[in-house]
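For reference, the structure is listed below as structure tokens.
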Amino acid sequence: MGKDIEQLESWFKSRSNWLQDATRRLLEKGDLDQFDLDELYKICGIEAGINFEDDIIPEFVPMQTGSFTMDEEGSKVELRSIGNIKGINALHPNEPVLFNEGLTVIYGQNGSGKSGYTRLLKKICGAKKIGSIYPDVFSTKPDCQACDIGYTIEDESYNVSYDISLGINDHLSSIEIYDSDCGSVYVNEENELAYEPELLRVFSRLIEISDELSEKFNFASERLVSTMPTIPQIYLETPSGKWLGKIKHDTASTITDEACQWNDEYKHSLEALVVRLNTPDLATEATKLKKVKVKVDELIKLRNWENKLGVDKCSAYLDKKKDSVTKVKAATKYAKSIFEQIPLTGVGEEIWSLMWEHARAYSKQVCYPETEFPNVTDGSVCVLCQQPLNEEAKQKLIQFESFVKGELELAAKKSTDELAVFESSLSDTPDEELISTIVVAANLDDALTPLVMNLRMAIENAAGKLLKAEVDKEFESGIDFSIIPQLEKISIELEISVKQLEEDAKKNNGTSLEKQKVELEARKWLSEQKQSVLSEIELLKQKEKIDAAKKLVKTRELSIKKSNLAEELVTEEYISRFYKEVKGLGAERLNVKLEKTRAPKGRVYFQLKLTGSAEKVAVNDVLSEGEFRIISLAAFLADVRGRTEKSTFLFDDPISSLDQEYEEKVAARLVELSNTRQVIVFTHRLSLLASLEGEVKNQGVSHNVIGLSREYWGVGQPGSPPLFAQNTKKAINTLISNMSEGNRIYEEEGYEKYSSWAKAICSHARITIERVVECDLLADVVQRFRRPINTKGKLKKIAKVSIADCSFIDEMMTIFSKYEHAQPNEAPVSIPLPNELETRLTSLRDWRENFIDREI
């Protein structure tokens, strides 16, 4: 394998999967059908991440090494035979077609099977446009479409069975085929002829396939229709509207959730904005909201009870209650021990202590302000009974004061005072009427009002239970204060609203507020369309995958590679060969030049331009269709002659649209090519057959002519060419060899059947005699279907012609011509019997041999 081919294959193997598979199919099949395009569409889509659900997924088949290799070593490959044909058009020969070395001409008239053979060989060897091969549409569908092929590679023989489903045969892919599509003759945008070499045409087809796949992906993308509702015009320029306009396939769900979020905070903000925008006296509204906030804050103070009735406070109260009881009992017990001889009970207890403290105050403030209490000096009286004090009474008073100022009594009093503070605080629960009034003033909604009132009731009940609770048992209020944070939130919102209203009152802020309001309305609308937004993002994800697939089928890399290859392929050597072929084919008078002009989408154009033209005239306005044909043939020959292979050239009707002059030049070139390689020509033109026969003689090369015929068992039967297409010696021998058939018919089927057969033989004999006159008697100086008069080395041979020769020919023409005409009823000319007819033909053969061998 050449280095350039290795690099090309390496380049393809580094491309995307679909392109490798498309190239493989194109090289194997020659072209792609709709089934191929559908599979490549899926292969490319899968490569881009598209999921084809509930569908048959084709397998990607990569290119294999050697895909571009036609014949690595430049081996000589030649066809030898093709036969045992099954299911190929109406072909049904009972013997194979044999191909010789050198030149093989296969002549067939319309309906003889020539087109079937050419289609089959294109399928086997590859061609620019292989086309489809159908079986005989008028017969039962065959089990297979196949044939046997014989060929040689460097003189080593191969015989293989071939099924057309196998595609191009690797061994025979180096055989070059020229047909009506070869040379890729196109008319470009400027109506100038454009030529494209073989390898570049592969790239052109890949670019076309890329465009076709791109259209399929475009169609798939267009089918993905958005169901997203149209956003109201007023929301377009809001932040929410702009966000919606910028969503993409990779927009994160978290971002979508945030953008489509709508909660109570946004709701209250929108309501507040509506109020602000609809409030004419902003200052008054601010004052009103301040008052409402004050009331809400008063309700928030209910939270203080959360602390008062908390576990720690409840425990502290019960501890204090227990401590007070304990200390009072201790003080009372001590008092009894001191005052047990006192006639009255209750001394030292709470009521007595209160009385004593009042007596102390009375004494210090009124009676004896300058004397310590109790005053037991001489002449003093009791501040309680107003009686003079005797010694016993004085001692009692001193004992009482000593008791009151004792530690136990002081501790009991302190604990009792502290407990009183606790109980006073717990007893001061929120008043129901007051709280109800505040709730109304706070403008709470119907949902919050019962929650607040229930909280007040719970506080009152819990406080009452705590005051009555036993000191040695745990106590929990179980009150739910969760309403308080809601009230705090309302307070904050009111504070914000007050500030906003006060700011709005100071300045005209209507436009800004309206924008904020519209944005919140847009956000609310967006939240209502969240599911549609998510569906839109999913649709964008699918479109992104399709866009990724469209990137895989972009033609830029193919175009660049093709352009680079064009620079390599269209070298001075190639152009020189092209001009040489143009000259050799007699087209130099056309004054054309081959130029590479441009490469849109990698489609490289080599324009044939007129040289020396006084005006800028398009080539197609000057050249005929035949001249186009001759130029494309020149380009083909220039291309294939630059390769190292010496494999077969196969030409399918190469002279289509050519006049006699070009036809003769083509015939000469084909015969010349057969000197160095096998050349096979399919044609239905007698003129080309005659020209080839003439050139074979001129150049002294061997050739073989095969005639195809239509038989009752099918078409494509190989054999000798028609008599008018055979040389004279072979034609006469063919007629003589057929006489055995004439004898059989005469003896087995009778004179009437024989008569029809013999008339046909006579007609063929007359035509053959005419050919003898052209080719032998007149030394091939002048021929029908041939324009030139060839005198060189031939004209002197006419001198051999004698009067006897002329008489013999006249006699033979007369004998075989009279059966061509209508016969008189009274005296019809009888058909000669088989032995007489054979004698006449044998005499013609003998005369010719003697004449050819006669010395001048």
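Quick notes on this structure:
- Only listed residue being modelled with pLDDT under 80, hydrophobic (A, V, I, L, M, F, W, C), open to solvent by 10 Å² or more (accessible area, probe 1.4 Å) and in contact with a strand residue (DSSP E or B) (Cβ under 7 Å, 6 or more places away or on another chain), chosen from Phe628, Phe606: Phe628
- Filter result for Ser674 (closer than 28 Å to Leu172 by Cα, more than 48 Å from the chain's Cα centre (by Cα) and open to solvent by 30 Å² or more (accessible area, probe 1.4 Å)): no
- With respect to the stated conditions, Leu735 fails to be touching a helix residue (DSSP H, G or I) at 6+ places or on another chain (Cβ under 6 Å) and not in a helix (DSSP H, G or I).
- Val666 vs. criteria in a helix (DSSP H, G or I), in contact (Cβ under 8 Å) with a residue 24 or more places away in the chain and touching a strand residue (DSSP E or B) at 6+ places or on another chain (Cβ under 8 Å): no
- Flag if Thr140 is of a type in the set (Ser, Thr, Tyr) and in a strand (DSSP E or B): no
- Complete set of residues in region 730-750 that are of a type outside the set (Gly, Ala, Ser) and free of Cβ contacts under 8 Å to residues at least 40 places away in the same chain: Lys730, Thr734, Asn738, Glu741, Arg744, Ile745, Glu747, Glu748, Glu749
- Checked against the criterion of being in contact with a strand residue (DSSP E or B) (Cβ under 9 Å, 6 or more places away or on another chain), of a type in the set (A, V, I, L, M), on the phi < 0 side of the Ramachandran plot and assigned to a helix (DSSP H, G or I), region 640-660 contains one or more residues that satisfy it.
- Matching residues in region 710-760 - criterion: being of a type in the set (A, V, I, L, M) and within 23 Å of Trp847 (Cβ to Cβ): Leu723, Ala725, Ala731, Ile732, Leu735, Ile736, Met739, Ala758, Ala760
- The residue of region 97-123 that is modelled with the lowest pLDDT, among those that are touching a Pro at 6+ places or on another chain (Cβ under 9 Å) and open to solvent by 60 Å² or more (accessible area, probe 1.4 Å), is Gln109.
- The single condition from (1) touching a residue at least 24 places away in the same chain (Cβ under 8 Å); (2) β-branched (Val, Ile, Thr); (3) closer than 30 Å to Val274 by Cβ that Ile492 fails is (1).
- Residues of region 230-247 that turn out to be of a type in the set (Val, Ile, Thr) and open to solvent by 40 Å² or more (accessible area, probe 1.4 Å), as a count: 2
- Screening Tyr712, Tyr754 for residues that are free of Cβ contacts under 8 Å to residues at least 24 places away in the same chain and either open to solvent by less than 10 Å² (accessible area, probe 1.4 Å) or under 30 Å from Asp652 (Cβ atoms) (or both) leaves exactly one candidate, Tyr712.
- Those helices (runs of 4 or more DSSP H) of region 1-74 in which at least 3 residues are open to solvent by 70 Å² or more (accessible area, probe 1.4 Å), out of contact with any strand residue (DSSP E or B) (no Cβ under 9 Å at 6 or more places or on another chain) and at pLDDT below 85, considering only elements entirely within it, cover 3-13.
- For region 75-90, the set of residues classified as farther than 19 Å from Ser674 by Cα, surrounded by 21 or more Cβ atoms within 10 Å (Cβ to Cβ) and under 43 Å from the mean Cα position of the chain (by Cα) consists of Ile85, Ile88, Asn89, listed by residue number.
- Verdict on Gly113 being more than 40 Å from the chain's Cα centre (by Cα) and in contact (Cβ under 8 Å) with a residue 60 or more places away in the chain: yes
- Residue ID - nearest to Thr23 (Cα to Cα), chosen from residues in region 129-163 that are under 36 Å from the mean Cα position of the chain (by Cα) and open to solvent by less than 20 Å² (accessible area, probe 1.4 Å): Ile130
- The set of residues in region 275-315 that are of a type in the set (A, V, I, L, M), open to solvent by less than 40 Å² (accessible area, probe 1.4 Å) and under 29 Å from Ala462 (Cα atoms) comprises Val292, Val296, Leu299, Ile300, Leu302, Leu309.
- When the residues of region 248-274 are filtered to those that are among the hydrophobic types (A, V, I, L, M, F, W, C) and touching a helix residue (DSSP H, G or I) at 6+ places or on another chain (Cβ under 6 Å), the one that is most open to solvent (accessible area, probe 1.4 Å) is Trp262.
- Residues located in region 380-408, provided they are modelled with pLDDT of 70 or more and open to solvent by 80 Å² or more (accessible area, probe 1.4 Å): Leu384, Gln386, Gln387, Pro388, Asn390, Glu391, Glu392, Gln395
- Options Ser657, Ser702, Ser691, Ser647; residue that is among the small types (Gly, Ala, Ser), over 17 Å from Gly113 (Cα atoms), free of Cβ contacts under 8 Å to residues at least 40 places away in the same chain and out of contact with any His (no Cβ under 9 Å at 6 or more places or on another chain): Ser657
The values are calculated or read from the model by the stated rules, or taken from the named source; none is laboratory data. Only a predicted model underlies this, so the values are computations on that prediction, with no experimental measurement involved. FYI the Cβ positions are ideal-geometry reconstructions off the backbone, even for glycines, and counts take in every protein chain you see. Protein only, heavy atoms only, side chains kept; ligands, DNA and RNA dropped before computing areas. Shrake-Rupley method; radii C 1.70, N 1.55, O 1.52, S 1.80 Å.
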